[in-house]
Amino acid sequence: MKTLLVLALLLLSVSVQAKVYDRCEFARILKKSGMDGYRGVSLANWVCLAKWESDFNTKAINHNVGSTDYGIFQINSRYWCNDGKTPKAVNACHISCKVLLDDDLSQDIECAKRVVRDPLGVKAWVAWRAHCQNKDVSQYIRGCKL
C-alpha cells in the first residue's frame, strides 16, 4: 500500500510539472497568440512583464496579504482566478488558479488579455510599472528571430 502511495505521488508530481520558458520561446508563443500590440501592449512589454513577475516560470506563486499571484503572469486570485482560498474573489477570468501553474499558456494568455481590458490595463502589474513602464524594453525580444 505504501508503494502505491509513493507511486501515486510521483505520478502526480510529474503531471503538474511546470516549465521555465526561454525568453525567445516565450516571445514566439505570445506573438503566435496575438499578444503583440494587444490593447497597445507591445510584445517586448509582455516579455518584460513576465520576466519580472515570474522569471518565465509557469509554477511561480507569490503570497500576498489576502490573495495569491499565480503562474507566468502572476494572475491574482482576488480579481482574476479562483483558488478556493481568497475571500470575496471575483474570478473575472472564470478559471481555477491551478490552470495557471502548468506549461500550457493558453489560459494564462486569455486571462492576461482580460486583465488588460480592465481600466487599469497593463498597469495592473506592479512589476511592469516598476521595471518596464517608460523604459526601453527592446532587449527583451532582441535576437529572438520573430
Fill in the blank from the handout: For G84, the net charge from surrounding residues (Cβ-Cβ under 15 Å; K, R +1; D, E -1) works out to +3
Fill in the blank from the handout: Carbon plus sulfur, as percent of the 1.4 Å-probe accessible area of the chain, comes to 56
Problem - Nonlocal amide H pairs with T68, under 5 Å, H built at 1.01 Å - result: S77, R78
Practice task
Search the structure for amide H atoms under 5 Å from the amide H of S96, placed 1.01 Å from N in the peptide plane, and list their residues when 5 or more places away or on another chain.
Solution key: N82
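What length, rounded to one decimal in nm, is gained on full extension from H131 through to D55, with 0.36 nm per residue of separation minus their alpha-carbon distance?
Length difference between fully extended and current span is 26.1 nm.
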Exercise for the section: Kindly express, to the nearest 10 degrees and within the range 0 to 90, the angle between helix 2-15's C-alpha long axis and the longest C-alpha principal axis of the chain. Expected result: 10
Exercise for the section: Report the relative contact order of the range 23-141, percent, no decimals, based on alpha-carbon pairs under 8 angstrom and at least 6 residues apart. Expected result: 26
Exercise for the section: Could you state the angle between the C-alpha long axis of helix 43-54 and the longest principal axis of the C-alpha atoms of the chain, as a value from 0 to 90 degrees rounded to the nearest 10? Expected result: 40
Problem - For the range 113-146 and the range 34-68, distance of Cα centres in Å - result: 8
Handout entry: the chain, dipole about Cα centre (Lys/Arg Cβ +1, Asp/Glu Cβ -1), debye to the nearest 20
Key = 220
Handout entry: Listed residue (S96, W46, H63) projecting farthest to the positive dipole end of the chain, Cβ model
Key = W46
Completion exercise
With a Förster distance of 30 angstrom and the Cβ-Cβ distance between K145 and K85, calculated FRET efficiency to the nearest 0.05 equals 0.15
Practice task
Counting helices only, and only those DSSP H runs with n ≥ 4, report the 222 nm mean residue ellipticity of the chain as the sum of -39,500 (n - 2.57) divided by its residues, in deg cm²/dmol to the nearest 500.
Solution key: -11000 deg cm²/dmol
Handout entry: Surface accessible to a 1.4 Å probe, per residue, for the residues of the chain, Å²
Key = 58
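The values are calculated or read from the model by the stated rules, or taken from the named source; none is laboratory data. Source: prediction; values computed, not measured. Note that we place each Cβ from the backbone using ideal geometry, even for glycine, and neighbour counts take in every protein chain shown. Heavy atoms of the whole protein, side chains included, go into the accessibility calculation; ligands, DNA and RNA do not. Shrake-Rupley method; radii C 1.70, N 1.55, O 1.52, S 1.80 Å.
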